[in-house]
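Engineer: Questions regarding the structure given below will be posed in turn.
The values are calculated or read from the model by the stated rules, or taken from the named source; none is laboratory data. Just so we're clear, the structure is a prediction, and the values are computed from it rather than from any experiment. Cβ atoms come from the backbone with ideal geometry, glycine included; neighbour counts cover every protein chain shown. The area values use the complete protein model at the heavy-atom level, side chains included, leaving out ligands, DNA and RNA. Shrake-Rupley method; radii C 1.70, N 1.55, O 1.52, S 1.80 Å.
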Amino acid sequence: MREKASSGKPKMNQKTKHALIAYLFLLPAIVILIVFTYYPIIYGVVLGFYDYNMIKTLDNGNLAPPVFVGIKNFLKIFKDPYFYQALKNSFLYLIVVPFIQLLSILMAMAMNSNIRGKTFFRTAYYIPVITSIVVVGIVWQWIFATDGAMNFILNKFLHIIPFVHAGSISMHWLTDKNIALFSVMFVTLWQGLGYYMVLYLAGLQSINQEFEEAARIDGASRFQVFISITLPLLKPSIALCSIISCISALKVFGEIYVMTQGGPEHGTLTMVYYIFGKAFNEFNMGYASALALVLAVFVGAISYINIRFFREGGLKYY
Amino acid sequence: MEKVLKLFIALLISTAFILSGCGQSSAPSGKIKLEFWTISLKPEHTDYIESLMAKYQKENPDIELEWIDIPINVMMQKLMASIAGGVSPDVVNLNPEYALLLAQNNALVNMDEAVPAKDREKYLDNLWNAASFEGSNYAIPWYVTTQVVMYNSNLFSAAGLDADKGPKSWDDIEKDAVIIKQKTGVYGFMPAIDPANFGKLLDDWQCQGIPVLSKDRKQALFNSPAAAARLQWYVDLYKNDIIPRETMTSGYQGAVEMYQRGNLGMLVSGPQFLLKIKLNAPDVYNATRVAPYPRGKAGIVPAAIMNFAVPRASRHKEEAVKLALFLTNDENQLQFCKRLPLLPSTKKAAADPFFIEGKGDPVQDEAIRISIMQLKHARNLSLGLKNWVDLGKALKDAIENSMYQRKTVQAALDEAAEKWDEILASGDQ
């Protein structure tokens, strides 16, 4: 390189050259991200201020362009009772987060220990993660049907309890507005456990065994080790998983779309399902974009709270 | 370094070429390229559609066809994205509900104007208005079915009912459903009146001879005592646990699934669902008997129609209409109906003896026989009103308020009718 530089050609700094090559390699990904992610995001924000029907055609055969309406869509949102219902349900959905975190940490700890058949269990727990939500939703819809497997099992086994008669249990898992959301949340929990378990397993495996061994030598019990060593050291993983699962909970869609379509009585109407309906059933793209923007603000706020809450953690904790 | 740069430039240029080729509607050979979309026909009917394509392209050497098959639940999303993206299909298979939503947005070609009278006359008069909006039809009818009552003879026998005699009226359906529930513990009937399918209630009222709209189409009439009594009938069935809770959430699909599990006595459905039952639950299929759809005072039955529409965004509208007429002509429709328990929408094909003679499957043959006999009474009952989404919302609320007993049926319908009147008055109907 030195020889070349001395030959009189314009000299390019080695570092600049490396950076340029790196940028060139990144270019295709950046182009794809701009076209398919950032442009739609920016366009979505802009559309929130427009009245736009994607398929409305003018008499001359051209598509009707969006019409600027200022903050009209946002004012409409705050008067919309379905928005409050959807927002409430989306926030209720966050209940799933602590359960999924706790259970997946426990599962990851079990997988991290020397139990027999852990490869089998690890695979088994991960299978729901890679199964299509449509398949999962339909199967759970059958299980939760009034004449489905869940009520059948309850009737089969619970009649041993005094005063419970065989065949008398008929829970309305998906048809009672007060229960349906929790039933769907259970499916999210069931499907997501394996994913978070793997993340926690990676977190656990990065913890130096010496910390735990030292604590055990000092006489700490297993529970004390878990509370005072494992959990604090796992905090970066917990932070990551909490943020991911909070965002997933706030933008839940697949389960609702397949299992309840927002019903009964809007009991499972969540924000993204509502936005989808506004956009693709009512063609009201402007209003849907405004709703999405409001949801994005809430998602941002929740993520910020998560980051603040879990700021301290890992080895810095000590 | 130069090599790397050259490589990337080449990559970018080729990507640009690939992307720019996405929206082409003219085939490279200079032929006109027509893209047509169907709903859920692959892979079972790939050979049928491909044979039609080959025939059409042979007869029209200057046209090249591209067939895209789409599941019904994503049809509207895909279609909207294509129209908005300037790559609209030329011919698209839609149900009346979707076609009317598009017609309201001025997005479809008016078939009353685009199709010559001699061709229009080939279709059954009661079905030509497959997507009628403000006095014009925006789609060409394709296949059609009229509903029949399928019932599980095993459950009928277990309940002590005569399995050879199906229900003849809605009163019979109620009586049988009550007995089946009492004697067997499973539900006898699950009507399609879930809020998402609010249009079915409008169909039902019309079949019962109950007017839903004034003649000038400016006023809702479905808050009459007769309409309220009919909805009250459903409410009582729901309240008394004669119909399952899933009636309000799972709709039609839920009823089919429950019937397949052998947990539903009667299923009011189009004969084409027999194929699904035969495949998924052969035992239930073998026990299935078929009875005619109980006609109400109006003496009509609702027609479930599939049709072909041409988006106004198509670049070859004239050719697209011709293709839609070809796909729905007598010969091609008859050929399709011989594959599936469906009925044709053209006069000549519907008169073919095949529909009476059948093809050797007693259950399906009986269903088709009954269905074709009912065809002359079949009507497309869509109202074709503007602001349909808002009108639908008002009616959905009325159904929910009534079924969940938050309001009396009369109060719920009065409220919905008031909203309809407001919407009908504000939109220039």
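Engineer: Please go through (1) touching a helix residue (DSSP H, G or I) at 6+ places or on another chain (Cβ under 8 Å); (2) farther than 14 Å from B:R315 by Cβ for B:V91 and return the number of the only condition it doesn't satisfy.
Structural biologist: For B:V91, the failing item is (2).
Engineer: Within region B:210-249, can you find the residues that are within 14 Å of chain A (Cβ to nearest Cβ), open to solvent by 10 Å² or more (accessible area, probe 1.4 Å) and part of a loop (DSSP other than H, G, I, E, B)?
Structural biologist: B:D241, B:I242, B:T249
Engineer: Restricting to region B:250-267, give me the number of residues that are within 9 Å of chain A (Cβ to nearest Cβ) and open to solvent by 20 Å² or more (accessible area, probe 1.4 Å).
Structural biologist: Going through region B:250-267 one residue at a time, the tally reaches 4.
Engineer: A further question follows. Can you name every residue in region B:347-371 that is surrounded by fewer than 21 Cβ atoms within 10 Å (Cβ to Cβ) and touching a residue at least 24 places away in the same chain (Cβ under 8 Å)?
Structural biologist: Passing the criteria: B:K347, B:K348, B:V363, B:E366, B:I370.
Engineer: Can we say A:L27 is surrounded by fewer than 16 Cβ atoms within 10 Å (Cβ to Cβ), within 11 Å of chain B (Cβ to nearest Cβ) and not hydroxyl-bearing (S, T, Y)?
Structural biologist: In short, yes.
Engineer: Still on this structure, please answer the following. For region A:260-272, what are the residues that are at the interface with another protein chain (Cβ under 9 Å from one of its Cβ atoms) and either open to solvent by 10 Å² or more (accessible area, probe 1.4 Å) or of a type in the set (A, V, I, L, M, F, W, C) (or both)?
Structural biologist: Residues satisfying the conditions are A:Q261, A:G263, A:E265, A:H266.
Engineer: Taking B:K175, is it farther than 28 Å from A:L269 by Cα, in a loop (DSSP other than H, G, I, E, B) and away from every other protein chain (no Cβ under 14 Å)?
Structural biologist: no
Engineer: Pairs under 6 Å by beta carbon, first residue without any contact (Cβ under 8 Å) to a residue 24 or more places away in the chain and within 10 Å of another protein chain (Cβ to nearest Cβ) in region B:92-107, partner open to solvent by 30 Å² or more (accessible area, probe 1.4 Å) and not hydrophobic (A, V, I, L, M, F, W, C), six or more apart or different chains?
Structural biologist: Close Cβ pairs satisfying both conditions: B:N105/A:K56.
Engineer: Here are some conditions: (1) open to solvent by 50 Å² or more (accessible area, probe 1.4 Å); (2) within 28 Å of B:D216 (Cα to Cα); (3) in contact with a helix residue (DSSP H, G or I) (Cβ under 9 Å, 6 or more places away or on another chain). B:S426 meets all but one. Which one does it not meet?
Structural biologist: Checking B:S426 against (1) open to solvent by 50 Å² or more (accessible area, probe 1.4 Å); (2) within 28 Å of B:D216 (Cα to Cα); (3) in contact with a helix residue (DSSP H, G or I) (Cβ under 9 Å, 6 or more places away or on another chain), the one that fails is (3).
Engineer: If you don't mind, there's one more thing I want to ask. Among the helices (runs of 4 or more DSSP H) contained in region B:273-331, which hold 1 or more residues that are within 14 Å of chain A (Cβ to nearest Cβ) and not hydrophobic (A, V, I, L, M, F, W, C)?
Structural biologist: So the answer is B:273-280, B:317-327.
Engineer: Let me ask something else. If you scan region B:383-416, which residues turn out to be touching a Ser or Thr at 6+ places or on another chain (Cβ under 7 Å) and either more than 15 Å from B:F222 (Cα to Cα) or not assigned by TED's automatic domain parsing to the domain that holds B:Q208 (or both)?
Structural biologist: Of everything in region B:383-416, just one residue is touching a Ser or Thr at 6+ places or on another chain (Cβ under 7 Å) and either more than 15 Å from B:F222 (Cα to Cα) or not assigned by TED's automatic domain parsing to the domain that holds B:Q208 (or both), namely B:G384.
Engineer: Restricting to region A:275-306, count the residues that are touching a residue at least 40 places away in the same chain (Cβ under 8 Å) and within 16 Å of the chain's Cα centre (by Cα).
Structural biologist: Residues meeting the conditions: 7.
Engineer: Looking at region A:278-298, which of its residues are open to solvent by 30 Å² or more (accessible area, probe 1.4 Å) and either part of a helix (DSSP H, G or I) or of a type in the set (G, A, S) (or both)?
Structural biologist: Of everything in region A:278-298, those that are open to solvent by 30 Å² or more (accessible area, probe 1.4 Å) and either part of a helix (DSSP H, G or I) or of a type in the set (G, A, S) (or both) turn out to be A:F280, A:N281, A:A292, A:L293, A:A296, A:V297, A:F298.
Engineer: Going by what's in this entry, would B:V310 be described as modelled with pLDDT of 95 or more and open to solvent by less than 20 Å² (accessible area, probe 1.4 Å)?
Structural biologist: It is true that B:V310 is modelled with pLDDT of 95 or more and open to solvent by less than 20 Å² (accessible area, probe 1.4 Å).
Engineer: Would you mind stating whether A:V187 is at pLDDT 85 or above, open to solvent by less than 50 Å² (accessible area, probe 1.4 Å) and away from chain B (no Cβ under 14 Å)?
Structural biologist: Criteria met by A:V187.
Engineer: Which residues, counting only those in region A:51-95, are assigned to a loop (DSSP other than H, G, I, E, B), within 14 Å of chain B (Cβ to nearest Cβ) and not acidic (D, E)?
Structural biologist: Within region A:51-95, A:Y52, A:M54, A:I55, A:K56, A:L58, A:N60, A:G61, A:N62, A:A64, A:P65, A:P66 meet the criteria.
Engineer: Out of (1) open to solvent by less than 20 Å² (accessible area, probe 1.4 Å); (2) hydrophobic (A, V, I, L, M, F, W, C); (3) in the same structural domain as B:D236 (by TED's automatic domain parsing), what's the single condition that is false for B:L155?
Structural biologist: With respect to (1) open to solvent by less than 20 Å² (accessible area, probe 1.4 Å); (2) hydrophobic (A, V, I, L, M, F, W, C); (3) in the same structural domain as B:D236 (by TED's automatic domain parsing), B:L155 is out only on (1).
Engineer: Sticking with this one: Taking A:I247 as the residue in question, decide whether it is surrounded by fewer than 18 Cβ atoms within 10 Å (Cβ to Cβ), within 14 Å of chain B (Cβ to nearest Cβ), of a type in the set (A, V, I, L, M) and closer than 22 Å to A:L103 by Cβ.
Structural biologist: No: the conditions fail for A:I247.
Engineer: Please enumerate the residues belonging to region B:149-168 that are assigned to a strand (DSSP E or B) and of a type outside the set (F, W, Y).
Structural biologist: The answer is B:V149, B:M150, B:N152.
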